[in-house]
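Below is one structure, written out as C-alpha cells, with a few remarks after it.
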Amino acid sequence: MELEEINKIVKHFIPNEDVIAFRINDKGLINQTLVVSVGKKDTQQFILQAINTTVFPFYEKGLENIILVKNQLNKSAFSYEFPTPILDKYICIDGVIWRISPFVVGSVCYNVVSDESMAFEAAKCIGIFYKSLHNFDTKQLHTTLPNFHNGNFRLAELDKAINTANTDRLDNVNELINNIHISRNVLQKFDKLNAELPKRVVHFDAKINNFLFDKTTNKAKAIIDLDTLMPGTVLSDIGDMIRTFSNTLGEESKNIVEVKADFDIIQNITDGFLSSCEIVLTKAEKDDLLFSGKAITLLQCIRFLTDYLNNDSYYKISYPEQNWIRAQNQWALYCSLKG
Ligand code: GN1
Ligand code: MG
C-alpha cells in the first residue's frame, strides 16, 4: 500500500492530520496491521487494521464486546492499557473494514518468552483482567466465533479436510493424523470441562505477542488484539499462555526436534495468574490449569494441520509448507507437556 492510500483511510478517522510514515506489522496471522505516524507536529502513532471479515463475519458484534468490556474495566482497578478502536467504530472503505487504535507508547512486543519473569508478569496481568471482570454478566457478550475452542468441532473440521485434501499433502501427514486420533480423549475431556466450568470474559488469544511490555521496566503494560473477546472458560486463556510462553523456540520454529515445553515458565504462569485472581476462581477451575495447556496445544496443532490440508485458506503463510511445520511444532510441544 502507498502512503497516499493510507492517508485517505486515516482521514476518515482523523480528518485534520496527515499520515507522515507507516510500517507493516506482520505479527498476526489473520488481520492486516500497519503502524502509522500521524501529524507533522506532535506526531502520534496509531495501529491501523483491516479486519479479515471471512474469519470475523460478526465483527460488529465483536466491537460491541470490546466496548462493553472496556467500560467495565474502566470502572474497576484494572491498571493495564487496553487499547480499543478510536471513536468506538469501524469504517467500511471500498468494501474493506478499517479501524484505528492507539499505539501503546514505550512498549515492546515479544514472540517468545526469554525469561520467567515475563511469564509471571503477563499471567498476573490476565489474572487482574479476570478479577476485574468477575462480576460482569457474560450473557451481555456475543459469541462471535461459535465453537472456536471446541475440540469436537475442530476434529470434525479436520475430518472434512482429510476428505477433500490433495493426496500429496495427505501423504505427508498420515502419521500425525493417527497420533491425533489416538489423543481424541484429551479434547473430549476439554469439551466436558468447558461445559461445566463457570463462564467468564475470555480473551481467547492470550499468546505472548498479545501482551505488550514496558520498554524500560519489562513489566506487562497492555493487552491487545481484542477481536476474540467473548464468553468462555479460564482454560482457553491459561491454555494459550502455556502453549505460547512455554515454547521458547516459538510456534514458527522449524527445529521440531528441539521444541519442548519449559516447565519453569509454566510454573511462573500459574503462579502469576493465581497471585492476582485465585480469590475469584473455583476449585474446579484451578484443578485443570495444566491440562488446559495440553488441550489448547493439541487444538492448535489440529487447526494448523486442517489449514494445511485445506491448502492454507485461513492462516497467513510466507512459504508453502508453513502450516505443516506449525502443526508439527505444536505436536512436539504437546508431547512434551504434562497434565
Ligand atoms: C490467530 O491472528 P492472530 O495471530 O492474532 C488465531 C488464534 C491462533 C493464532 C496462532 C481468530 O491469531 O486463534 O491461536 O493465530 N486467531 C483466530 O498463532 O483464529
Ligand atoms: Mg488474534
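Accessible area of the stretch 135-223 with a 1.4 Å probe: how many percent of it is carbon plus sulfur? Walk me through the intermediate numbers first.
Numbers: 2130 of 4650 Å².
Roughly 46 percent, rounded to a whole number.
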Euclidean distance of C-alpha centroids, the stretch 294-339 and the stretch 167-197, integer Å
11
For Lys139 paired with Ile162, estimate the spin-label separation in nm (one decimal), with each label point 7 Å from Cα along the Cα-to-Cβ line.
4.0
If you consider only alpha-carbon coordinates, what radius of gyration and Dmax does the chain have, in Å?
19.9, 61
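Highest mean first, what order results for 294-300, 141-147 on Cβ atoms within 10 Å? Let's see the in-between values first.
Working: 294-300: 27.1, 141-147: 16.1.
Averaged packing, sorted descending, gives the order 294-300, 141-147.
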Based on alpha-carbon atoms only, what is the radius of gyration of the stretch 42-86 relative to the globular estimate 2.2 N^0.38 Å?
1.41
Peptides 330-338, 82-90: what's the order by average Cβ count within 10 Å, highest mean first?
330-338, 82-90
With a cut-off of 8 Å between alpha carbons and a minimum separation of six or more residues, what is the relative contact order of the chain in percent?
20
For the stretch 76-93, Karplus couplings with θ = phi - 60° (6.51, -1.76, 1.60), whole Hz, Gly/Pro x:
10, 8, 5, 9, 9, 6, 9, x, 10, x, 5, 6, 6, 8, 10, 10, 8, 10
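Averaged over every viewing direction, what's the projected area of the C-alpha convex hull for the stretch 46-205? Give it in nm², one decimal, please.
Working: hull surface 53.2 nm².
Averaged projected area of the stretch 46-205's Cα convex hull equals 13.3 nm².
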Dividing the Cα convex hull volume of the stretch 159-302 by residue count, how many Å³ per residue is that?
151
Antiparallel content of DSSP bridges confined to the chain, in %, to 5:
95
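Can you flag which of Lys207/Lys294; Lys316/Lys338; Lys192/Lys316; Lys70/Lys294 are past 23 Å Cα-Cα? Please list the in-between numbers first.
Values: Lys207/Lys294 15 Å; Lys316/Lys338 30 Å; Lys192/Lys316 31 Å; Lys70/Lys294 30 Å.
Violating the 23 Å limit, Cα to Cα: Lys316/Lys338; Lys192/Lys316; Lys70/Lys294.
Kindly rank 232-240, 172-180 from highest to lowest mean number of other beta carbons found within 10 Å of each residue. Write down the numbers at each step before the final one.
Values: 232-240: 25.8, 172-180: 14.9.
Ranking, from highest mean packing down: 232-240, 172-180.
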Other-chain or far-sequence residues with amide H under 5 Å of Val202's (modelled H):
Met230, Gly232
Using a cut-off of 22 Å between alpha-carbon atoms, which lysines can reach Lys8, once sequence neighbours fewer than 8 places away in the same chain are excluded?
Lys40, Lys41, Lys89
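For Asp287 and Asn25, what is the calculated FRET efficiency with R₀ set at 56 Å and r taken between the beta-carbons, to the nearest 0.05?
Values: r = 38 Å, r/R0 = 0.68.
Once the sixth-power term is evaluated, E becomes 0.90.
The values are calculated or read from the model by the stated rules, or taken from the named source; none is laboratory data. Since the model is a prediction, treat every value here as computed from it, not as a measurement. Please note: Cβ atoms are built from the backbone with ideal geometry, for glycine as well, and neighbour counts cover all protein chains shown. The protein model used for the area step is the full one, side chains on, heavy atoms only, and it has no ligands, DNA or RNA in it. Shrake-Rupley method; radii C 1.70, N 1.55, O 1.52, S 1.80 Å.
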